[in-house]
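Just below is one structure, and these are the notes that go with it.
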Amino acid sequence: MFKRIPLSALIGIIATSTFVFMAVFAPWIAPYPMAEIVGGTWEPSSAKFLLGTDNLGRDLLSRMIFGARTTLTIAALATALSFTLGATLGFTAAVFGGWVDQVMSRGIDLLMAIPTLIFALVVLSVLPTTITTLILVMGVLDSTRVYRLSRAVAVDINVMDFVEAARLRGEGRIWIIFREILPNALSPLVAELGLRFIFAVLFLSALSFLGLGVQPPEADWGGMVKENKDGIIFGIPAALIPAAAIAVLAISVNLVADWILNRTTDLKGGRG
Amino acid sequence: MADETLLEVCNLRIEATVYPPGEKPQTLVIVKDLSWSLKRGQVLGIIGESGAGKSTAALAGMAYGRGGVRLPAGEVWLDGQNLLAVGKAALRNVRGRKVCYVAQSAAAAFNPAHTLMDQVVEASLLHGVCNRATAENRAIRLFEKLGLPNPDKIGDRYPHQVSGGQLQRVMTAMALCPEPDLIVFDEPTTALDVTTQIDVLAAIKDAIRDTGVAAMYITHDLAVVAQVSDEIMVLRHGELVEHGTAKQIIESPREEYTQALVSVRSIEHEEKKPSTQPVMKVKNVTAAYGGTIDVLKDISVEIHPGQTLAVVGESGSGKSTLARAITGLLPPRKGTIEFDGRTLSNALAQRSRDDLREVQMIYQMADVAMNPRQTVRTIIGRPLQFYFDLKGEALDQRINELLEEIEMGDGFADRYPAELSGGQKQRVCIARALAAKPKLIICDEVTSALDPLVADGILKLLLDLQAREGVSYMFITHDLATVKAIADSIAVMFQGELVRYGPKSEVLAPPFDDYTDLLLSSVPQMRLGWLEEVTKSRRMASGGN
């Protein structure tokens, strides 16, 4: 199966796995604790501090590694939530049809009509900013997009004869949704998964940058850009490092998602 | 002039590259070393099952290969010019001017944004054959010749404003308009109803004779090709099986494969006497898809145990709707459905599991009737689990038994539908229906998507199973040859109404009502001169009015 991986996908896989590795083993590979002040403010990179220090004198590399952990975990959980919620609701709407579909779809339309970032800002400024709230808010807002996609895919599959055959057999809706429709909707959903994950990373970074995401002293990439942004005026690149990390992650996950999509575009099924 | 050779194809080879997932790209030979020639004014019928390479070979006659197709070897001489050796600019002068193409699905081939006239005269204007006024005049004459209503006005319409049969005739006019030397007809009547097919066929035949154009006529229906062709070429797996005059191929085919094609649908079926207790009674059923227009009007039919009711009619006659009403997918507005002495609830959701088990359905397109992500084992095994709670070894054993019954080995159990041929897919669908041990199986056009020989095999299997298991069939079809082969009783439907119903021997015996007569006389027969006889007798009948 892994014969002939294109170069772009290979780059994507390597970069993504590096970030994941950093996130998983953060406490073991980070040279310094995340929140401890170990040097002067905005020290340049040296043998002691590979990427230099930040605005408070904490080791930037260690914070990058711990930041990867926070950012990736929150984004992954939010994506998982949005997919579970969005796909289940989308499939349900497609299978039930009629007024159930109308009520759900118009409700989702209503949510989508409000700009996501503004909506999140309002909700987060009212609710206590914990990681759980963050995941919930991001997951629910993102699930509207997943709902749209999975409903559209499921509506197509729902009218196929094999679903009708299952209905005539007397199968329940649970079987129809999870055994007949879901396996056939996986390809587009998997491809969407990569993109949604990236949007979650960007969204979280934006929230943190605006001060409503991950709260200090926890490290996360968006927050680190915010902490170090003033250094740019003095020619200190500390803010650019987490920004670059966000960009590299976005591109590499996209490369992997593209490759997966290319490999599984046929909806004909079989061993794919 | 008449004996002059127009097209000479020598040692044609056609290839394409296939990309099996996870493997190296492979070269697939679609047509191997094929040669044929065609004289001016002659019609060559090209026949074969799907995948035989007949369209690909005929399109090569205009040096055209569909996407991904290569023509690496051979020569195509048209009117003294080797089309495979000339450049693109020269080809552009040939296509649409000397050689024209009539596609299978006219509805998909016309541009919905332009009027018919614009599209019919386009090629003539593009090639500078004549000016617009002449081209339009010519088109109107062709419309008239092809028997289209209002020949001088119909060109102003858009493709969706005419019927399928008319559109196919307009496309023939489009091909004839630049006065080409050769026309390639690619299954022009396959998508049409039998009653429409005969008109289009007669129109095409007259037009070919009057204009003296040469033609290649591709079809999978030997009876159709026999009506229009001078010569017939039989292809199989990209190779020539037999080439001869139409008379020779139909009356004394030499090769075994051709003989099988000619004798297809010759299943003998003895009609059974109806029993006293029908398994299914449909009483005065009326149904509509929302709105006020009834798609079924007061239908009453009975199906007897171990027998087959054939429901015949053209598309839109309501025959599939009847199946949906019986299965409960479309609850009837009025009327009742009695099954085995008890009245079934109209709606699917209110029927008991046993009610559902006893009526099974087989679909036209086996491709989409099976979940592509499930193996044959899951597809056949699910009804066994669902209705009989079979597990483990008992389940495996029953699956193997069912695979035996449909004449497939247990080696197929772990395959996915994509890894089966069309006929095998339909067999698996039959096994899935049988797995529920039903009393009635509704077969919705189960053979119409299959090649004639494969369809024959499926029909024989269904008859065998009926003899063994005593299951009844409701067989929905538009193909009267199939009906003759398997039915015990027949219901003829037209625009949602039952026009004729009774035992096969009565329905197929005169006196006929008008519609049944039209339907029966429209079924192409495997003999020369049939088309002329029918059109002549129809003309006489209408002349008498």
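Here is a yes/no grid of residues against (1) touching a helix residue (DSSP H, G or I) at 6+ places or on another chain (Cβ under 7 Å); (2) small (Gly, Ala, Ser):
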| residue | (1), (2) |
| --- | --- |
| B:Gly96 | yes, yes |
| B:Val99 | no, no |
| B:Val102 | yes, no |
| B:Thr115 | yes, no |
| B:Gly128 | no, yes |
| B:Arg132 | yes, no |
| B:Asn137 | no, no |
| B:Asp156 | yes, no |
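Selection of region A:174-183 for residues being out of contact with any Phe, Trp or Tyr (no Cβ under 7 Å at 6 or more places or on another chain) and either at the interface with chain B (Cβ under 7 Å from one of its Cβ atoms) or at pLDDT below 90 (or both) yields only A:Pro183. Annotation: of all residues in region B:206-230 being more than 20 Å from the chain's Cα centre (by Cα) and not β-branched (Val, Ile, Thr), the one that is surrounded by the most Cβ atoms within 10 Å (Cβ to Cβ) is B:Ala215.
Quick check on region B:398-410. Is at least one of its residues within 13 Å of B:Thr375 (Cβ to Cβ), within 14 Å of another protein chain (Cβ to nearest Cβ) and part of a helix (DSSP H, G or I)? Checking region B:398-410: not a single residue is within 13 Å of B:Thr375 (Cβ to Cβ), within 14 Å of another protein chain (Cβ to nearest Cβ) and part of a helix (DSSP H, G or I). Listed conditions (1) of a type outside the set (Lys, Arg); (2) closer than 26 Å to B:Pro278 by Cα; (3) within 12 Å of another protein chain (Cβ to nearest Cβ); (4) surrounded by fewer than 19 Cβ atoms within 10 Å (Cβ to Cβ) are all met by B:Gly341, apart from (3).
Does at least one position in region B:124-145 carry a residue that is in contact with a Phe, Trp or Tyr (Cβ under 8 Å, 6 or more places away or on another chain) and assigned by TED's automatic domain parsing to the domain that holds B:Glu251? Looking through region B:124-145, none of the residues is in contact with a Phe, Trp or Tyr (Cβ under 8 Å, 6 or more places away or on another chain) and assigned by TED's automatic domain parsing to the domain that holds B:Glu251. With the condition kept exactly as written, say whether any residue in region A:150-163 is more than 13 Å from chain B (Cβ to nearest Cβ), more than 25 Å from B:Thr375 (Cα to Cα) and at pLDDT 90 or above. The answer is yes, given that some residue of region A:150-163 is more than 13 Å from chain B (Cβ to nearest Cβ), more than 25 Å from B:Thr375 (Cα to Cα) and at pLDDT 90 or above.
Number of residues in region B:417-427 that are farther than 11 Å from B:Ile458 by Cα and not small (Gly, Ala, Ser): the value is 3. Mind checking which pairs have a first residue in region B:358-381 that is touching a residue at least 12 places away in the same chain (Cβ under 8 Å) and a second that is acidic (Asp, Glu) and part of a strand (DSSP E or B), Cβ under 8 Å, 6 or more apart or different chains? Correct list of pairs: B:Met361/B:Asp444; B:Ile362/B:Asp444; B:Tyr363/B:Asp444; B:Gln364/B:Asp444.
When B:Gly392, B:Gly409, B:Gly423 are checked against the criterion of being out of contact with any helix residue (DSSP H, G or I) (no Cβ under 9 Å at 6 or more places or on another chain) and farther than 30 Å from B:Ala287 by Cα, a single residue qualifies: B:Gly392.
Within the bounds of region A:78-95, is there any residue that is more than 14 Å from A:Trp221 (Cα to Cα), without any contact (Cβ under 8 Å) to a residue 24 or more places away in the chain and either outside any helix (DSSP H, G or I) or aromatic (Phe, Trp, Tyr) (or both)? No, because not a single residue in region A:78-95 is more than 14 Å from A:Trp221 (Cα to Cα), without any contact (Cβ under 8 Å) to a residue 24 or more places away in the chain and either outside any helix (DSSP H, G or I) or aromatic (Phe, Trp, Tyr) (or both).
Between B:Val311, B:Val279, the distinction of being farther than 30 Å from B:Ser521 by Cβ and in contact with a Ser or Thr (Cβ under 8 Å, 6 or more places away or on another chain) belongs to B:Val279 only.
Would a scan of region B:531-538 turn up a residue that is touching a residue at least 60 places away in the same chain (Cβ under 8 Å), assigned to a helix (DSSP H, G or I) and under 20 Å from the mean Cα position of the chain (by Cα)? Yes: region B:531-538 contains one or more residues that are touching a residue at least 60 places away in the same chain (Cβ under 8 Å), assigned to a helix (DSSP H, G or I) and under 20 Å from the mean Cα position of the chain (by Cα). The number of residues in region B:146-170 that are closer than 22 Å to B:Glu314 by Cα and not in a loop (DSSP other than H, G, I, E, B) comes to 10. For region B:439-459, the condition holds for at least one residue, the condition being that it is more than 25 Å from the chain's Cα centre (by Cα), closer than 27 Å to B:Gln277 by Cβ, outside any helix (DSSP H, G or I) and within 14 Å of chain A (Cβ to nearest Cβ). In region B:36-78, what count of residues is obtained for those that are more than 20 Å from B:Arg13 (Cβ to Cβ) and either modelled with pLDDT of 85 or more or basic (Lys, Arg) (or both)? Within region B:36-78, residues that are more than 20 Å from B:Arg13 (Cβ to Cβ) and either modelled with pLDDT of 85 or more or basic (Lys, Arg) (or both) number 7. Scanning region B:94-138 for residues that are over 20 Å from B:Arg157 (Cα atoms) and either surrounded by fewer than 12 Cβ atoms within 10 Å (Cβ to Cβ) or more than 34 Å from the chain's Cα centre (by Cα) (or both) yields a total of 6.
Taken over region B:386-397, the criterion of being without any contact (Cβ under 8 Å) to a residue 40 or more places away in the chain and either in contact with a strand residue (DSSP E or B) (Cβ under 7 Å, 6 or more places away or on another chain) or within 12 Å of chain A (Cβ to nearest Cβ) (or both) is satisfied by B:Phe386 alone.
Here A:Gly272 clears all of (1) surrounded by 17 or more Cβ atoms within 10 Å (Cβ to Cβ); (2) away from chain B (no Cβ under 14 Å); (3) at pLDDT below 85 except the condition numbered (2). Residue count for region A:79-131 satisfying the condition of being among the aromatic types (Phe, Trp, Tyr), surrounded by 12 or more Cβ atoms within 10 Å (Cβ to Cβ) and more than 19 Å from the chain's Cα centre (by Cα): 2.
From the residues in region A:186-206 that are touching an Asp or Glu at 6+ places or on another chain (Cβ under 9 Å) and of a type in the set (Gly, Ala, Ser), which one is nearest to the other protein chains (Cβ to nearest Cβ)? It comes out as A:Ser187. Per the conditions (1) within 14 Å of another protein chain (Cβ to nearest Cβ); (2) of a type outside the set (D, E, K, R); (3) crowded, with 19+ Cβ neighbours inside 10 Å, the sole criterion not satisfied by A:Ile5 is (3).
Taking A:Leu136, is it in a helix (DSSP H, G or I) and modelled with pLDDT of 95 or more? Answer is no for this residue.
Residues in region B:346-371 that are touching a Cys at 6+ places or on another chain (Cβ under 7 Å) and assigned to a helix (DSSP H, G or I) were compared, and the one that is farthest from the other protein chains (Cβ to nearest Cβ) is B:Ala366. Considering the conditions (1) away from chain A (no Cβ under 14 Å); (2) farther than 30 Å from B:Leu518 by Cα, B:Leu309 is excluded by exactly one of them, (2).
Residues that are surrounded by fewer than 16 Cβ atoms within 10 Å (Cβ to Cβ) and either over 23 Å from B:Leu84 (Cα atoms) or aromatic (Phe, Trp, Tyr) (or both) within region B:19-50 comprise B:Tyr19, B:Pro20, B:Pro21, B:Gly22, B:Glu23, B:Lys24, B:Pro25, B:Gln26, B:Ser50, listed in sequence order.
In the condition set (1) within 9 Å of another protein chain (Cβ to nearest Cβ); (2) crowded, with 21+ Cβ neighbours inside 10 Å; (3) basic (Lys, Arg), B:Arg415 is compliant with all but (2).
Filtered by the rule that a residue be under 21 Å from B:Glu445 (Cβ atoms) and within 8 Å of chain A (Cβ to nearest Cβ), region B:372-385 gives a lone residue, B:Pro372.
The values are calculated or read from the model by the stated rules, or taken from the named source; none is laboratory data. Keep in mind that this is a model prediction, so the values were computed, not measured. Glycine gets a Cβ as well: all are built from the backbone with ideal geometry, and neighbour counts include every protein chain shown.
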